[in-house]
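S.K.: Dumping the structure here so I can ask a few things about it.
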Amino acid sequence: MEGHRHFFNRKLHSLLGVVPIGAFLFIHLLTNYYATRGEAAFETRVSFLEGLPFLSLIEIVFIFLPILYHGIYGLYIAFQAKNNVGNYGYFRNVMFMLQRVTGVITLIFIAWHVWETKIQLVMGTTQASGLFKAMNDILANPLMLTFYIIGLLCAIFHFANGLWSFGVSWGITVGPRAQRISTYVTIIIFILMSAMGLMALFAFAHPVDVAQAMQR
Ligand code: HEM
């Protein structure tokens, strides 16, 4: 019985990491990418999302609760990590360890980021129409910019490397060849999503430079 519950929790944790949390991460980065086209383009995108019906319900059911579950159960898994040295090579063991480390850093980053953005919106300290300016203020501080770069890269690494282990644990990538191809695919996903996320961060931090560069 205990074994069944543990199995179910692990499967749910794994699934939530991809859908909806991973899907949300991708959509979130795509929204932020509009910042590279300037403040107005980004604000238009945000007001479209803000206008969606049942937004708060969608956010609670498909974003907040899954991250809470995946994050808390993830901490439990991370701190009781059974290292599988005998089963995989050196590279995969490093990835296994990094999956846990980036999970913990991502949790700290998400908590801070949600406090600075969503909670301030709910409390009325920031308006949805002022989100670009708010991000610009935050990222003007080099320490915060560094923290955001680290948090962003950890979240994306965690997602991309998580896709690899998701493929193995759900029986999608079974043999060594499939797992090797999956390594390359997830590296490409990591690079593309990182580029998208970093471009958005720098567009928030230095809006004028980016807008000028895009015109050239
Ligand atoms: C941006 C937010 C996050 C995304 C997109 C995400 C995504 C994923 C994915 C796709 C997996 C692979 C599932 C599998 O191995 O089958 C995973 C695994 C994992 N996640 Fe997350 N995750 C996020 C946040 C977190 C947080 C905050 C923690 C807290 C520490 C965490 C801890 C873990 C752990 C420990 C694993 C490994 C599970 C295992 O090896 O069985 N994750 N995550």
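Taken together, the values in this text are just the output of simple stated rules run on the coordinates, not laboratory data. Predicted model, so just to flag it, every value in this text is computed and none were measured. Here the Cβ positions follow ideal geometry from the backbone for every residue, glycine too, while neighbour counts run over all protein chains shown.
S.K.: Straight-line reach only, C-alpha to C-alpha below 24 angstrom: list the lysines that LYS133 could link to, leaving out same-chain residues fewer than 8 apart.
M.R.: LYS118
S.K.: Under a point-charge model restricted to the Cβ atoms of Lys and Arg (+1) and Asp and Glu (-1), what is the dipole moment magnitude of the chain relative to its Cα centre, in debye to the nearest 20?
M.R.: That gives a dipole near 820 debye.
S.K.: Using alpha-carbon positions, what is the distance between the centroids of the stretch 125-162 and the stretch 21-59, in Å?
M.R.: 14 Å
S.K.: Quick one: compute the contact order of the chain, relative version, from alpha carbon pairs under 8 angstrom and 6+ residues apart, as a percent.
M.R.: 31 percent.
S.K.: For the residues ARG10, ARG100, what sequence is obtained by ranking on other C-beta atoms within 10 Å, fewest first? Intermediate results must be reported in sequence, preceding the final value.
M.R.: Values: ARG10 13, ARG100 17.
The fewest-first ordering by Cβ neighbours comes to ARG10, ARG100.
S.K.: If you wrap a convex hull around the C-alpha atoms of the chain and split its volume per residue, what is the figure in Å³?
M.R.: 148 Å³
S.K.: If we count other beta carbons within 10 Å of each Cβ, what is the order of THR125, THR106, THR186, fewest first? Intermediate results must be reported in sequence, preceding the final value.
M.R.: Numbers: THR125 11, THR106 25, THR186 21.
With the fewest neighbours first, THR125, THR106, THR186 line up as THR125, THR186, THR106.
S.K.: Quick one: net charge around HIS28, please, counting Lys, Arg +1 and Asp, Glu -1 for every other residue with C-beta under 13 Å from its C-beta.
M.R.: +1
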